[in-house]
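Student: Attaching a single structure in structure tokens format; questions to follow.
The values are calculated or read from the model by the stated rules, or taken from the named source; none is laboratory data. Nothing here was measured: the structure is a model prediction, and the numbers come from that model. Because the Cβ atoms are built from the backbone with ideal geometry, glycine has one as well, and the counts that use them run over all protein chains shown. Only protein heavy atoms, including side chains, enter the accessible area calculation; ligands, DNA and RNA are left aside. Shrake-Rupley method; radii C 1.70, N 1.55, O 1.52, S 1.80 Å.
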Amino acid sequence: MANALDYFKSELNKVRTGRAHPSMLDSIKVEVYGTFLPLNQAANVTAPEAQMILITPFDPGNIANISAAIRADQTLGLNPSDDGRVVRVPIPPLTEERRRQIAKQTSEKVEEAKVRLRSVRQDAQKDIKKLELPEDVARRADKDIDDLIKDFQNQVDQLFKEKEAEIMKV
């Protein structure tokens with residue numbers, strides 16, 4: 001359950017909120033020396049300003065590949081520019097319509113997290129049945145699992161509310 005919550009938190013970090021954040025580019029894979037690497041393994045990614053991400057490649061020969069990889073990810077809608085040494089990625093302000101769309105996409109991630117939690121609960125219930133515990137102990141264990149699931153689902157909902165407020169904030 002903790003792993004499902006941690007995964008959800010990492011997914012929330014990737015969601016655009018109008019402010020520049022290096023983790024926005026965590027999903028980008030760059031072709032470097034014939035293999036695909038995560039961007040943060042091919043370059044140093046920083047956010048020196050609220051509306052700008054600065055990417056300093058470890059090898060300046062990879063600048064074109066980095067820019068192309070960022071442009072290729074249409075879900076981000078970013079247009080990087082480079083000066084031969086660094087790649088600058090301006091973060092445009094979000095429109096109201098785009099904010100609503102991002103909030104909707106984020107709510108889909110909430111549902112994915114809840115599905116993961118329910119699958120963990122089902123696995124735990126199967127394990128309890130395999131142990132062939134006395135009925136009252138098994139029932140109590142099921143209740144404890146349900147209580148844990150509710151706690152984790154409440155945490156997911158709270159994280160979503162916070163992120164949604166951040167997304168909708170102008």
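Student: Using θ = phi - 60° and the Karplus curve 6.51 cos²θ - 1.76 cosθ + 1.60, what whole-Hz ³J(HN,Hα) does each residue of the stretch 88-93 get, with Gly and Pro shown as x?
Tutor: Each residue of the stretch 88-93 in turn: 9, 10, x, 9, x, x Hz.
Student: Report the full-extension gain for the segment R118 to E132: residue separation times 0.36 nm, less the Cα-Cα distance, to one decimal in nm.
Tutor: Residue separation times 0.36 nm, minus the Cα-Cα distance, leaves 2.9 nm.
Student: If you fit an axis through the alpha-carbon atoms of helix 96-131 and take the longest principal axis of the Cα set of the chain, what angle between them do you get, 0 to 90°, nearest 10?
Tutor: 40 degrees
Student: Skipping prolines and chain starts, which residues have an amide H placed within reach, meaning under 5 Å, of the one on R16, given they are 5 or more residues away or on another chain?
Tutor: Here nothing satisfies the definition.
Student: So, one more: Lys and Arg at +1, Asp and Glu at -1: add these up for the other residues within a Cβ distance under 15 Å of P57 and post the number.
Tutor: With Lys, Arg at +1 and Asp, Glu at -1, the neighbours total -1.
Student: Ok, one more. Give me the accessible area of M24, 1.4 Å probe, in Å² rounded to the nearest 10.
Tutor: Here the residue's solvent-accessible area equals roughly 0 Å².
Student: For I91, enumerate residues with amide H under 5 Å from its amide H, sequence gap 5+ or separate chain, H modeled in the peptide plane.
Tutor: For I91, the qualifying residues are M52, I53.
Student: At what distance in nm do the modelled label points of E31 and K169 sit from each other, each positioned 7 Å from its Cα along Cα→Cβ?
Tutor: For the pair E31/K169, the computed spacing is 4.0 nm.
Student: Also, I was wondering about something else. For the chain, which longest stretch is free of loop sites, where a loop site is one of the trypsin sites (Lys or Arg not before Pro) that DSSP puts outside H, G, I, E and B and that has at most 13 other Cβ atoms within 10 Å?
Tutor: 1-84
Student: Around A42, under 12 Å between beta carbons, what's the net of Lys plus Arg minus Asp minus Glu among the other residues?
Tutor: Details: positive: K29; negative: E31, D59.
Every neighbour counted, the sum reads -1.
Student: Give the longest segment of the chain that steers clear of chymotrypsin sites (Phe, Trp or Tyr not before Pro) in DSSP loops with at most 15 neighbouring Cβ atoms within 10 Å, not counting the sites themselves.
Tutor: Details: sites that count: Y33, F58.
Free of exposed loop sites, the longest segment is 59-170.
Student: Here is a follow-up. Among L117, P80, A165, which residue has its Cα furthest toward the positive end of the charge dipole of the stretch 72-170, with +1 on Lys/Arg Cβ and -1 on Asp/Glu Cβ?
Tutor: So the residue furthest toward the plus end is P80.
Student: Leaving out ligands and nucleic acids, note down the accessible area per residue over the chain with a 1.4 angstrom probe, in whole Å².
Tutor: Values: 10400 Å² over 170 residues.
Dividing the accessible area of the chain by its residue count gives 61 Å².
Student: Moving to a separate point now. Hey, what angle do you get for helix 135-168 against the long axis of the chain, alpha-carbon based, 0 to 90 degrees rounded to 10?
Tutor: Approximately 30 degrees, to the nearest 10.
Student: Over the chain, with every protein chain in place, what whole percent of the accessible area is carbon and sulfur at 1.4 Å, could you tell me?
Tutor: 50 percent
Student: Under 5 Å between amide H atoms, partner at least 5 residues away or on a different chain: which partners does I28 have, H built in plane at 1.01 Å?
Tutor: It is L39, by chain and number.
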